[in-house]
Amino acid sequence: MRKAASMSLVLHGYWRPSAAYRVRIALNLKGLEYRQVTHDLRTGSQRNPEYRGLAPIGLVPALETDDGQVLTQSLAIFEWLEEQHPYPPLLPDNASERAAVRAMACIVACDIHPINNLRVLKALREELVAGEDMVRDWIARWINEGFTALETMVSHHGGHFCFGDTPTLADCCLVPQIYNARRFEVALSAYPRLLGIEANCEALHAFANAAPEVQPDADGPAT
Ligand SMILES: N[C@@H](CCC(=O)N[C@@H](CS)C(=O)NCC(=O)O)C(=O)O
């Protein structure tokens, strides 16, 4: 595994959010060193003008690159990493297989996560006056829809990991989403294949070292 020479990559994130957790896993799998800058989502610091100067959407993560660019959107960051740091690859070498991995990653990053994001839950609570039981049901509903599909997809494509026997971008998305599901107390027993893949991932340092609780800014219960 190639090791980066410097700490010139800067990851803007926060210990718990799953989109930042995804990118930490990918950076670790690539063997790249990076410095983390924390933005406390509990205080809304991701929406302050200074951070929006880097990431106009006001969401974490953002990645400052060694050539002075600022990248946003975890899936776009994955693609940049894959192009700039191809080894080890986190996508298979055949186009149809790459499409399968991207589809699994998108189930998490496009179909589950955005509708369960902090700002959406805040709108449900504050604008639609949803109670906590309704919010929990909402979260579980979209996780269950996505995980049901993923459980089938990994039965077609998976092995030790979501696709075959080496980690891919799909695993970088899956593990943080399972973390979110546990955090919101969503029952996971219907997804034995996903749980097996999670266990295989967590046996790797790249995943273990990206876990929220071992980040330097981890400080207990959060949003
Ligand atoms: N599509 C974005 C999602 C980014 C995102 O939603 N980040 C969350 C944390 S996981 C966030 O910053 N939430 C703050 C908020 O909702 O105000 C990506 O994949 O990077």
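Kindly establish whether ALA76 is more than 15 Å from the ligand (Cβ to nearest atom) and at pLDDT 95 or above. It is false that ALA76 is more than 15 Å from the ligand (Cβ to nearest atom) and at pLDDT 95 or above.
Among the residues of the stretch 78-117, what is the count of those that are out of contact with any helix residue (DSSP H, G or I) (no Cβ under 9 Å at 6 or more places or on another chain) and aliphatic (A, V, I, L, M)? Number of matching residues: 2.
Pairs, please: C-beta under 9 Å, at least 6 apart or cross-chain, first residue closer than 21 Å to ASP67 by Cβ and in the stretch 10-26, second among the acidic types (Asp, Glu)? Partner pairs satisfying both residue conditions: VAL10/GLU64; LEU11/GLU64; HIS12/GLU64; GLY13/ASP217; ALA26/GLU82.
Going by the structure shown, is GLU50 away from the ligand (no atom under 12 Å from the Cβ), surrounded by fewer than 18 Cβ atoms within 10 Å (Cβ to Cβ) and either in a loop (DSSP other than H, G, I, E, B) or more than 20 Å from the chain's Cα centre (by Cα) (or both)? Yes, satisfied.
Within the stretch 186-195, the set of residues being assigned to a helix (DSSP H, G or I) and open to solvent by 30 Å² or more (accessible area, probe 1.4 Å) comprises PRO192, ARG193, LEU195. Looking only at the stretch 32-42, which residues are in contact (Cβ under 8 Å) with a residue 60 or more places away in the chain and either under 13 Å from the mean Cα position of the chain (by Cα) or away from the ligand (no atom under 11 Å from the Cβ) (or both)? Of everything in the stretch 32-42, those that are in contact (Cβ under 8 Å) with a residue 60 or more places away in the chain and either under 13 Å from the mean Cα position of the chain (by Cα) or away from the ligand (no atom under 11 Å from the Cβ) (or both) turn out to be GLN36, THR38.
Total residues in the stretch 95-119 satisfying the condition of being farther than 17 Å from PHE161 by Cα and either in contact with a Leu (Cβ under 7 Å, 6 or more places away or on another chain) or open to solvent by 40 Å² or more (accessible area, probe 1.4 Å) (or both): the figure is 9.
The values are calculated or read from the model by the stated rules, or taken from the named source; none is laboratory data. No experiment lies behind these values; they were computed from the predicted model shown. Because the Cβ atoms are built from the backbone with ideal geometry, glycine has one as well, and the counts that use them run over all protein chains shown. Only protein heavy atoms, including side chains, enter the accessible area calculation; ligands, DNA and RNA are left aside. Shrake-Rupley method; radii C 1.70, N 1.55, O 1.52, S 1.80 Å.
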